[in-house]
Amino acid sequence: MVKYILKSLLQVIPTLLIVSVIVFVLVRVTGDPVALMLPETATAEDRAVLTQALGLDQPLTTQYVKFLGSALQGDFGNSFRYGESALPLVLERLPASFELAAAAMLFAVLMAIPLGVASAVKRNTFTDLIISGVSVIGKAMPNFWMGIMLILLFSVILGVLPVSGRGGFSHLVLPAFTLGVGLAAQMTRLIRSSMLDILSQDYIRTARSKGIRELLVVGKHAFRNGMIPVVTIMSLQFTSLIGGTLITETVFAWPGLGQLLVVAVNTHDMAIVQAAVFVIAFIVVITNILTDVAYRLLDPRIKYN
């Protein structure tokens, strides 16, 4: 296990190098940052001075080497919109995104586990039909539409929850619910499928034949093994929640990384975009390593070579 973790940590380096190349190329082919940073009245001389100051007049290979050297020191440049270093701005917004993602994940888990298990245990019954139908609807509903409907109902009509912003628990309810519904629907279907496969195994039939109570058979023998694929989807979805809360954070004016990234993309703020993508990529890699460790804890039979 320790050797595997060390090897995985070493793989972080080439992964981030590949990410750096992709980000460097994509950011520079999406538009001219000089044209965005200067007003329309700027002269050709002003453009030439800024281009030279940003190093954009140099060959791409030279620009990349300088960019990589600065990135290794945590320097992704200054945001021309905020006038500050990009990385601290990104890290400042990260806790808000973590808070929203964690709340959405907690809601999804608390909803999906009992519904998924119940759907599998009550297979082909009315309960299974209702849970499966609700899961399909939950997965199909767009986040932005659900967010707007929730604001209209709970904020405008009932007036019981705030419309936007980050504050206490009440500010977290609507965006977390909006973000977690689709994930809960997906996890419910996955848990149902996984539990159905486990419940058909020989050792489950053996446990039942011994007269063990159904609650213990499902909860002790089946549930733990059925959670292995769920851990996979949880890890993948949590990282996507961190970087993919763009719509939800925009709808609820949640001051997280997603909202910052939307503004940076719209204004072609290269420093912010680069720093945000690097931070998200690092989180994804570390989360994948932790997921592998969780596999071993859930099922000691899993070995790492």
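The values are calculated or read from the model by the stated rules, or taken from the named source; none is laboratory data. None of the values given here were measured: they were computed from a predicted structure. Every residue, glycine as well, gets a Cβ built from its backbone with ideal geometry; the counts of neighbours run over all protein chains shown. Remember, those area values only see protein heavy atoms, side chains included, never the ligands or the DNA or RNA. Shrake-Rupley method; radii C 1.70, N 1.55, O 1.52, S 1.80 Å.
Remarks
- Helices (runs of 4 or more DSSP H) enclosed by the stretch 107-224 - at least 3 residues per element that are out of contact with any Pro (no Cβ under 7 Å at 6 or more places or on another chain), open to solvent by 20 Å² or more (accessible area, probe 1.4 Å) and within 29 Å of L236 (Cα to Cα): 126-140, 143-150, 169-199
- When restricted to residues that are of a type in the set (G, A, S) and either open to solvent by 60 Å² or more (accessible area, probe 1.4 Å) or outside any helix (DSSP H, G or I) (or both), the stretch 49-71 contains 2.
- With respect to (1) among the polar types (S, T, N, Q); (2) surrounded by fewer than 16 Cβ atoms within 10 Å (Cβ to Cβ); (3) more than 18 Å from Q186 (Cβ to Cβ); (4) at pLDDT 70 or above, the lone exception for N305 is condition (4).
- Cβ pairs under 7 Å, 6+ apart, first in the stretch 38-50 and closer than 21 Å to S79 by Cβ, second assigned to a helix (DSSP H, G or I): L38/D46; L38/R47; L38/L50; R47/V34; L50/V34; L50/M37
- Qualifying residue in the stretch 81-102 (condition: within 30 Å of L216 (Cα to Cα) and either outside any loop (DSSP other than H, G, I, E, B) or open to solvent by 70 Å² or more (accessible area, probe 1.4 Å) (or both)): yes
- Figure legend. Inter-residue proximity from the stretch 105-131: first residues of a type outside the set (D, E), second residues open to solvent by 60 Å² or more (accessible area, probe 1.4 Å) and part of a loop (DSSP other than H, G, I, E, B), beta-carbon distance below 9 Å, spacing 6+ or different chains. Indicated pairs: I131/K122.
- Every pair of residues 6+ apart whose Cβ atoms lie under 7 Å, when the first sits in the stretch 262-288 and is touching a residue at least 12 places away in the same chain (Cβ under 8 Å) and outside any helix (DSSP H, G or I) while the second is of a type in the set (G, A, S) and crowded, with 21+ Cβ neighbours inside 10 Å: D269/S79
- Residue list for the stretch 252-287, restricted to those being closer than 21 Å to P39 by Cα, among the aliphatic types (A, V, I, L, M) and open to solvent by 20 Å² or more (accessible area, probe 1.4 Å): V263, V265, M270
- L38 fulfils the conditions (1) among the aliphatic types (A, V, I, L, M); (2) open to solvent by less than 80 Å² (accessible area, probe 1.4 Å); (3) modelled with pLDDT of 85 or more except for a single criterion, (3).
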